[in-house]
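**Q** I'd like to ask you about the structure that follows.
Derivation of every value follows stated rules applied to the coordinates shown; laboratory data play no part. Owing to the predicted nature of the structure, the values given are computational and were not obtained by experimental measurement. No Cβ is skipped: glycine too gets one built from the backbone with ideal geometry, and neighbour counts run over all protein chains shown.
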Number of protein chains: 2
Amino acid sequence: MAIHPSPISPLPAPADLGPLGEQEGSVCGASDWERLSDHESAAWEGFLQAHAEIQVELEHELQAAHQLSFSDYFALLALDKAERGSLRMHDLAKPVRLTRSGLTRLVERLERIGLIERAPCPDDARGTEARITEAGRALVHAASATHLAGVRRRFLARFSPAELQLLAEQFGRLAG
Amino acid sequence: MAIHPSPISPLPAPADLGPLGEQEGSVCGASDWERLSDHESAAWEGFLQAHAEIQVELEHELQAAHQLSFSDYFALLALDKAERGSLRMHDLAKPVRLTRSGLTRLVERLERIGLIERAPCPDDARGTEARITEAGRALVHAASATHLAGVRRRFLARFSPAELQLLAEQFGRLAG
DNA sequence: CACAAGTGATTGCGCACGCAACTGTTATGC
DNA sequence: GCATAACAGTTGCGTGCGCAATCACTTGTG
């Protein structure tokens, strides 16, 4: 349990029914109102399952071929695509999907192995810029080849172009 | 880097091109053959993004309302659905998507707070059975209400029944 | 210009989890 | 029937990461 020690529920906490809580004295088993239809649960569980499988497979692949985790890869990728190959920590956090503290550690590791460098931000002395090195660029390009091939094989290749277009739109609906 | 200390690559390692590796002496930037089309990348990135967002939101919701992590929830759910409310560790590992060692720790925690119990397996002295308690059942039923409402709101409600059916089939293609 | 409030990044701490090694038990081959 | 292999589960250890507190700097506001 616990995402963390979690002092007190930060959210409104939609009524913990407490032990034995259930709406009515339903004799046994889960009540129906909370169940999913077959299509619903197949879609949802398929979504979770597909993601989980693909994720671990691709991550192992990347790890085996280039000793890079997904976080490493996404960080390098974001920097590679960025103007001048550098980004402030704050702006790097979002694409890598890490908190600022997690990112600090990540960048520290990547710096230690020479894939990125850190420099104080020129216009704002609070900030730090992470810049990708040549070694970092070379590695992320090689890694991209591996990774994208994996993405094609495990995901893209299973759909027609029209399906992909529809999926893109559908996933877009789920965002933000 | 590193999913772990990772002694030696377990996979065949599809040719690490080494530093500066790239097919040709392309002057700069990534070569085109490894790029994704707009629809492709929108679909793939949308998939990752949607999953990440929904996942953290639902997990926080579950945590806030019932102090349960996803792992906890899935373990309890699997046990609740199981014959006699009990499963061997080995069989519980798959639905929870944890390694055996991770599961040992998880079960230990859930036992400590009285949501499940452990007993030696009657017919196989190597095995251990985890059985959900009444408190565990009550909690997982309450948690289901919260969780499924979240799934509806964040996922199911964004699609028509026909879309859900198609999605279920499509995600099924990605499995195994 | 000083002093609060806001913001970027880092650090202390704790925790969940994977891997590899180990213990104990059940199947196999000779 | 004993040795060896396969298997279930646990444990030592290391690691990545989130939260909360903290430091450093910047930007209001009087």
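**Q** Of all the residues in chain B, which one has the C-beta that comes nearest the axis relating B to A, and what is the distance in Å?
**A** Here the nearest residue and distance are B:51, 2.
**Q** Just grab the label-to-label distance for residue B:104 and residue B:173, each label 7 Å out from Cα along the Cβ direction, in nm (one decimal).
**A** 4.2 nm
**Q** Report the Cα centroid-to-centroid distance between segment A:35-91 and segment A:92-169 in angstrom, as an integer.
**A** 10 Å
**Q** Same structure, new question: If each label sits 7 angstrom from Cα along the C-beta direction, how far apart, in nm, is residue A:119 from its counterparts in the other copies?
**A** From this label point to the equivalent ones elsewhere in the assembly: 6.8 nm.
**Q** Just to be sure I understand the model, the point goes 7 Å from the Cα along the line to the Cβ. What's the resulting residue A:118 to residue A:90 distance in nm?
**A** 1.7 nm
**Q** Further question on the same structure: If you take each beta carbon of peptide B:146-155 and count the beta carbons of other chains within 10 angstrom, what is the mean? Intermediate results must be reported in sequence, preceding the final value.
**A** Values: counts 6, 1, 8, 2, 1, 8, 4, 0, 1, 7.
Other-chain Cβ atoms within 10 Å of each residue's Cβ, averaged: 4.
**Q** Also, I was wondering about something else. Given points 7 Å out from each Cα along the Cα-Cβ axis, report the residue B:55 to residue A:35 separation in nanometres with one decimal.
**A** Rounded to a tenth, the inter-label distance reads 2.9 nm.
**Q** Hey, got the average number of other protein chain Cβ atoms within 10 angstrom for residues in B:60-71? Each step should come with its number before you reach the end.
**A** Working: counts 5, 3, 2, 9, 10, 8, 6, 7, 3, 4, 2, 1.
Averaged over the peptide's residues, the number is 5.
**Q** Please give every one of the lysines within straight-line cross-link reach of residue B:94, meaning a C-alpha to C-alpha distance under 17 Å, and leave out same-chain neighbours fewer than 8 residues apart.
**A** Within the straight-line cut-off, residue B:94 pairs with B:81.
**Q** Can you compute 3J(HN,Hα) from phi for each residue in segment A:100-117, using the Karplus curve 6.51 cos²θ - 1.76 cosθ + 1.60 with θ = phi - 60°, rounded to whole Hz and x for Gly and Pro?
**A** Computed from phi, the couplings for segment A:100-117 are 4, 5, x, 5, 3, 5, 4, 4, 4, 5, 5, 5, 4, 9, x, 8, 9, 10 Hz.
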